[in-house]
Amino acid sequence: MGEGKTLPTYFCRNCENPLALGEDLISKKFVGASGPAFMFSHAMNVVIGPKIERKLITGSYVVADVMCGENLIDLFGEVDHALKVFDRMAQSIGPRLYSCCNCRNHVGLHDDIISKAFQGRTGRAFLFSHAMNIVVGPKEDRHLLTGLHTVADISCADCNEPLGWKYERAYESSQKYKEGKFIFEKAKIVKEEDW
């Protein structure tokens, strides 16, 4: 049958239809409708439902529910380790990810970068619309280059490496676009793979 790494390793719990390969596993740190969920770069033997906008923990995304092709069981709501298909990640190369510089935990998507022209504590910083696998600290008022903001420091959920901050509130109207967004220090994140 070939090498072990090419064998299907994730199956439908109801019919044992193979759904995804272990080598296509991106992250086990997601939460689905019924509990823990895994993210895969590819899936097989599935039927993908219509694209809809859905509010998730990290923001609003265009998603499609994934169902087992054998018996049309809704994997998004029924299987503990649901497959999620994000519309903007459906490239053959998979999503372009940024990871914690210390432990390589995935913390952001390249497509979520709003600007690379920000200044952090250690130098250049990127403004992201969303973040994942992070811990948000307590809110505090901080005087930044663009004025007074309420921010909360963010760190890696796996190793607690400080990564930047989240803008909770901007006091000047010209800075309101930053609210709810995340600053990642460029020195604290790394690109995954060769893209």
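Just so it is clear, none of the values below were taken in a lab; they were calculated from the coordinates. This one's a predicted model, so the numbers in the text were calculated from it and none came from an experiment. Note that we place each Cβ from the backbone using ideal geometry, even for glycine, and neighbour counts take in every protein chain shown.
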For 144-152, 176-184, ranked highest to lowest by mean beta-carbon neighbours within 10 Å, the order is 176-184, 144-152
For region 119-131, in residue order, the Karplus 3J(HN,Hα) values (coefficients 6.51, -1.76, 1.60; θ = phi - 60°; whole Hz; Gly and Pro = x) are 10, x, 5, 9, x, 4, 9, 10, 9, 10, 6, 9, 9
From the cross-link list Lys51/Lys166; Lys139/Lys178; Lys116/Lys178; Lys28/Lys191, the entries with a Cα-Cα span beyond 23 Å are Lys51/Lys166
